[in-house]
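Any read-out appearing in this document is the output of simple, stated calculations on the displayed coordinates, not a laboratory observation. Since the structure is predicted, the reported quantities are computational estimates derived from the model, not experimental observations. Here Cβ is always computed from backbone atoms with ideal geometry, including for glycine, and neighbour counts include all displayed protein chains.
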């Protein structure tokens, strides 16, 4: 649990209702509720108890005017402990309990939702609503999660999280649809279907769903390829790796590293320092600066390359520089 | 290094297609004679050619050849000499051999049985073409991205290219030590040669090789299935399922060897399946041995599992069908089979093994005890909850495991109504999966299950092998 905060029992027990207010709250310097919403002024730590999670599945916070330097989360009260979950953004926002990894790990028992404020924070007319989605809203939410896209990242060669249908991963949805299709076919054509035909229906359904899942992923792949291609064409930005391909190309061109006849039986050494060892230094060391090889200390290198870091302890003369990199020649 | 233009693209693409194909055709004539023809022959030739070119160029490094046109010409001449001897000994006519290059006449449209099938086939064709198109765009517009492609594959390519060849017996570890120890350098040797011919190392077009391997493999299984079933929809199902595996996109566009190993293993299993047929020919057995030998040093840690898995599956099959076993094992009475097998081992497996021995390297540094991945004292049952979580909560395998399980249940329960050869197509990936599970259970490799890394690639590739068999296991024309 990344943002796990245990609020002590005393805070939970101290939630005493304020006369005339719909919500229990504690710790506010000023607190009012009316038909426009909640208004408060919180200097330090404040809590509003919003009520049982019950059958609700999402929560909406709509901000009126506000001024703050502090933080605000929503969280859960289970028994006598408060678990802080997600930071509430400054703009109006809706989110689901089931999306919340903290919610999934809460101990069993009745859960109440709390709004936690760490002041100073002043707000007027906040609307906080918990509700259960209607069927159409639920369908729209499912569809939205199914449409959520996944980018290519360094781990993508091993891991794919994939689209969700509501709370269901694609394999679980496929299993459910497979069972439904078998039941429907059985009910509709019970008389002329053999037991093994139902297996064929199940396998056929899975094949179709596997392909639909694949088409869905291909849409992501097309989007990723198309958008990143534009970035690469304009300034050689590759995914999340910044402009180090441009830097590499400039260094290679300056040192004429692609001229193999020039480099036959010759070597050179480069000291490279970057804000990210992986992939920048790692790939320079393996492929991108060949036939030069990387050395661990700048004083032993023919060249020193600094990328996205200040060239501290650099020696030699600057032979190439750009927005975020400098190449030094340290040869005498 | 990052230059891109149409002429460069055509040079690299042409080199990757034609340079392996020519020695591949000659090698295929030597190994399998007239066993296949037309499209299948060309595709088999390309895959054999990749192996022959990679391992052949590597072999020539022992006698101080470079990675240039001369080495390529020497390789072709050597292959032609072997072919001439083979033709003379077996009295094969030239007309029969050249006949393998002709395309047969097929009418696809009349094989589509219903309108529903036609529409489904059309959708799958569009889907497969879209995948091939997007991945092609990817490998022609972006430099390499994935980490292991750099250290394990492209680094040796650069070393070999700038050295002008492989320094076989240099200072200790001079060539192997500069790459990651234990990772074979045969495919990198071929890629260094192609880079040399096509205008230098290009970090974008180097990824045309994995793309081409996958594309030609999809084409192979489509055509192979179509020729078997004469049913267009069935022929498209395996390619469509394979490209629907979530990890395949990146493996098609990056220089990892996992998918290439799975492709060669799938081809080996298909060759073995062909051999097990009643009209199976000893040439199919030789083709199986060829593909498996090529896997040996494409990715040697996985080769151990693929080789043991395939052979063990064959053993189980023979135990279950002893009568067939006796008939099939007659193939080993032919001297030609023994000569071919010995030749394959000498060509593909001995050279790098000798080199490893010279450098005192174990068969597999990448996953052996030396790298801290040896046997553990306990059984790591904790892998099962991790695998269970991955199957259901993530999308690494999509619906693949469910499909595998359901089809396995059907095949086991209805095995009497299925041909025994078809059952082998399920048995082989199942045994390979079982061995991988044992490896994860009993060795330090279990950590790759817990951290969600190698395991996802491993199981994805087992599913690739399994999906290749789906059209045979599940009749879509019913």
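Taking 7 Å along the Cα-to-C-beta vector as the label spot, tell me the residue B:115-residue A:275 distance in nanometres, rounded to one decimal.
Each label point lies 7 Å from its Cα, and together they span 6.1 nm.
Nearest 5 is fine: what % of DSSP beta bridges in the protein assembly as shown come out antiparallel, could you say? Don't skip to the answer; put the middle values down first.
Values: 60 of 67 bridges.
Antiparallel: roughly 90 percent of the beta bridges in the protein assembly as shown.
What order do you get for A:122-135, A:290-303, B:458-471, B:200-213 when each peptide is scored by the mean count of other beta carbon atoms within 10 Å, highest first? Could the numbers behind the result be given before it?
Values: A:122-135: 14.9, A:290-303: 16.9, B:458-471: 26.3, B:200-213: 22.6.
The peptides rank, most packed first, as B:458-471, B:200-213, A:290-303, A:122-135.
Debye sum, Cα scatterers, segment A:167-210, no solvent: what log₁₀ I/I(0) at q = 0.19, 0.28 1/Å?
Debye output, listed in q order: -0.54, -0.94.
Averaged across B:129-140, how many Cβ atoms of other chains sit within 10 Å of each residue's Cβ atom?
The per-residue average across the peptide is 3.
Based on the mean of other Cβ atoms within 10 Å per residue, sort peptides A:59-67, B:183-191, B:249-257, B:445-453 so the most packed one is first.
Packing order, densest peptide first, comes out as B:183-191, B:249-257, B:445-453, A:59-67.
Measure nothing but the geometry: give the 0 to 90° angle between the long axis through the Cα atoms of A:244-255 and the longest principal axis through the Cα atoms of chain A, rounded to 10°.
That works out to roughly 0 degrees.
Which angle between 0 and 90 degrees, to the nearest 10, do you get for helix A:170-188 versus the longest principal axis of chain A when only C-alpha atoms count?
Its long axis makes an angle of about 50 degrees.
Springs between alpha-carbon atoms under 10 Å, Gaussian network over chain A: tell me which of A:70, A:27, A:109 tops the mean-square fluctuations.
Ranking A:70, A:27, A:109 by mean-square fluctuation puts A:109 first.
Mind giving me the nanometre distance, one decimal, between the label points for residue A:254 and residue B:453, set 7 Å out from Cα along Cα→Cβ?
3.4
Residue A:30 to residue A:149: extension gain in nm, 0.36 nm per residue of separation minus the Cα-Cα distance?
Details: separation 119, 0.36 × 119 = 42.84 nm, distance 4.28 nm.
My answer for the length gained is 38.6 nm.
Per DSSP helix of 4 or more residues, -39500 (n - 2.57); summed, then divided by the residues of chain A. What does that give at 222 nm, rounded to the nearest 500?
Calculated mean residue ellipticity at 222 nm is -9500 deg cm²/dmol.
Residue by residue through B:402-414, how many Cβ atoms from other chains fall within 10 Å of the Cβ on average?
Other-chain Cβ atoms within 10 Å of each residue's Cβ, averaged: 3.
Run the quick spin-label model on residue B:312 and residue B:73: label points 7 Å from Cα toward the beta carbon, then report their separation in nm to one decimal.
Computed distance between label sites residue B:312 and residue B:73 equals 4.9 nm.
Please give the FRET efficiency for residue B:6 paired with residue B:85, using the beta carbon to beta carbon distance and R0 = 35 Å, rounded to the nearest 0.05.
On the way: r = 43 Å, r/R0 = 1.22.
In this case the efficiency is close to 0.25.
Report, in whole Å, the centroid distance computed from the Cα atoms of segment A:141-169 and segment A:83-105.
18
At a Förster radius of 41 Å, what calculated FRET efficiency corresponds to the Cβ-Cβ distance of residue A:264 and residue B:98, to the nearest 0.05?
It comes out at approximately 0.45.
Taking Cα pairs under 8 Å and at least six residues apart, what relative contact order does segment B:219-297 come out at, in percent? Please list the in-between numbers first.
On the way: 54 pairs, mean separation 15.6, N = 79.
That works out to 20 percent.
Once each part is reduced to its C-alpha centroid, what is the distance from segment B:1-50 to segment A:198-277 in angstrom?
25
Peptide B:146-152: average number of partner chain Cβ atoms within 10 Å per residue? Each step should come with its number before you reach the end.
On the way: counts 7, 8, 2, 4, 8, 5, 1.
That works out to 5 on average.
Can you work out D for the protein assembly as shown in µm² s⁻¹ from Stokes-Einstein, where Rh is the Kirkwood radius over C-alpha pairs, the temperature is 20 °C and the viscosity is 1.002 mPa s? Numbers along the way, then the final one.
Values: Rh = 30.0 Å.
Result for D is 71 µm²/s.
So what is the relative contact order of chain A, in percent, for Cα pairs below 8 Å that sit 6 or more residues apart?
Dividing the mean separation by the residue count of chain A yields 12 percent.
List the relative contact order of chain B as a percent without decimals, with contacts defined as Cα pairs under 8 Å and 6+ residues apart.
Taking the mean separation of contacting Cα pairs over the length of chain B, I get 19 percent.
Within chain A, what percent of beta bridges assigned by DSSP are antiparallel, to the nearest 5?
90
Is the shape of chain B best called rounded, prolate or oblate, per the rule: a/c under 1.5 gives rounded, else a/b larger than b/c gives prolate, else oblate, with a ≥ b ≥ c the square roots of the Cα gyration tensor eigenvalues?
rounded
Can you compute the FRET efficiency between residue B:442 and residue B:393 using 1/(1 + (r/R0)^6), with r the Cβ-Cβ distance and R0 = 22 Å? Round to the nearest 0.05.
It comes to 0.30.
Please report the spacing between the Cα centers of segment B:257-290 and segment B:62-90 in Å, no decimals.
Rounded to whole Å, the Cα centres lie 25 Å apart.
Does chain A come out rounded, prolate or oblate, given a ≥ b ≥ c as the square roots of the eigenvalues of its C-alpha gyration tensor, rounded meaning a/c under 1.5 and, failing that, prolate meaning a/b above b/c?
oblate
For segment A:193-245, just say rounded, prolate or oblate: build the C-alpha gyration tensor, square-root its eigenvalues into a ≥ b ≥ c, call rounded for a/c under 1.5, and beyond that prolate if a/b exceeds b/c, oblate if not.
Here segment A:193-245 falls in the prolate category.
By average Cβ neighbour count within 10 Å, what is the ranking of B:227-237, A:76-86 from highest down?
Going by the mean number of other Cβ atoms within 10 Å, highest first, we get B:227-237, A:76-86.
Would you order A:223, B:322 from fewest to most other beta-carbon atoms within 10 Å of each residue's own beta-carbon?
On the way: A:223 12, B:322 8.
By the 10 Å Cβ count, ascending: B:322, A:223.
Grab every C-alpha pair in segment B:388-474, bin the distances at 10 angstrom width from 0 up to the longest one, and report whole percents.
Calculated P(r), rounded to whole percents: 16, 47, 28, 9, 0.
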